[in-house]
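The values are calculated or read from the model by the stated rules, or taken from the named source; none is laboratory data. Note that the structure is a prediction, hence the values are computed from the model and not measured. We place every Cβ from the backbone using ideal geometry, glycine too, and count neighbours over all the protein chains shown. Side chains are part of the model used for accessible areas, which takes the heavy atoms of the whole protein and leaves out ligands, DNA and RNA. Shrake-Rupley method; radii C 1.70, N 1.55, O 1.52, S 1.80 Å.
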Amino acid sequence: MRGLCLSVLIVIVGPMFAGKTTELIRRVERHVIAGRRAVVFKPSIDSRYDASKVAAHNGLRFGAVVVPPSEEGVEAIGKMGVEYDVVAVDEIQFFPVQLAEVLNSLANGRVVIAAGLNLDFRGEPFETTARVMAYADRVISLTAVCKVCGRPATRTQRLVNGVPAPRDSPRILVGGGDSYEARCRRHFVNPL
Ligand SMILES: [Zn+2]
């Protein structure tokens with residue numbers, strides 16, 4: 001099982017509702033079935049459904065190690081990750097950019113699978129996702145379905161009371177009454 005030493009960094013990117021976590025879990029599970037040692041990390045900021053599991057919108061579950069989205073968290077991923085054949089990290093956009101170098105290093109001798117948002121609600125790149133994409137051997141770009149027209153959506157619109165959230169609102173919101181929609185390029189409204 002451990003004879004073959006794979007070395008690859010795969011990153012799954014896209015807007016919300018594109019199935020990124022589902023795709024990450026699907027890929028990890030294939031390795032687990034083959035008897036390979038796998039670990040899934042996720043940032044503690046994301047408390048959807050279950051704080052100790054990676055949550056997917058379709059209800060799939062997978063055991064996960066929750067780490068803070070800080071330099072300490074990135075360090076923990078690097079230290080723990082070396083003990084596994086397969087290292088997965090969900091919601092990478094929440095981690096500091098140093099995550100990119102740690103994942104790039106772990107990928108020497110391991111399968112590393114990362115997933116995260118491409119763009120924030122302003123339509124601007126998340127730096128960590130962009131950096132991981134640059135190092136990746138393979139980029140899997142997933143789309144959602146545009147809430148307005150039904151075409152493939154690549155962007156995430158944040159709405160407050162039905163209108164686009166103002167540009168100066170915080171980049172990352174935990175909880176709160178805001179809602180999100182996947183939008184295509186044509187229907188994404190640049191926040192004012
Ligand atoms: Zn559209």
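Side notes on the structure shown:
- Of the residues Asn108, Asn118, Asn161, the one that moves most in a GNM of the chain with alpha-carbon contacts below 10 Å is Asn161.
- Rounded tilt (10° steps) of 71-81 against the dominant C-alpha axis of the chain: 40
- Using alpha-carbon coordinates, inclination of helix 20-33 to the longest axis of the chain, degrees: 20
- Rg(Cα)/(2.2 N^0.38 Å) for the stretch 8-143, N = residue count: 0.93
- With all protein chains modelled, accessible area of Glu72 [1.4 Å, Å²]: 130
- Of Pro170, Pro43, Pro152, the one that fluctuates the most in a GNM where the chain has Cα springs shorter than 10 Å: Pro170
- Extension gain for Val163 to Val65 (0.36 nm times residue separation, less C-alpha to C-alpha distance): 31.7 nm.
- Residue with peak Gaussian network fluctuation, the chain [Cα springs, cutoff 10 Å], from Arg138, Arg167, Arg122: Arg167
- Over all other residues within a Cβ to Cβ distance under 15 Å of Leu159, the charged ones net out to +3, with Lys and Arg as +1 and Asp and Glu as -1.
- Equivalent ellipsoid, the stretch 114-189 (semi-axes from 5 times Cα gyration tensor eigenvalues, Å): 22, 16, 10
- Relative contact order for the chain: 27 percent, from Cα pairs under 8 Å spaced at least 6 residues apart, divided by residue count.
- The chain: antiparallel DSSP beta bridges as a percent of all, rounded to 5: 35
- Based on protein heavy atoms only, the stretch 8-143 ends up with 41 Å² per residue of surface accessible to a 1.4 Å probe.
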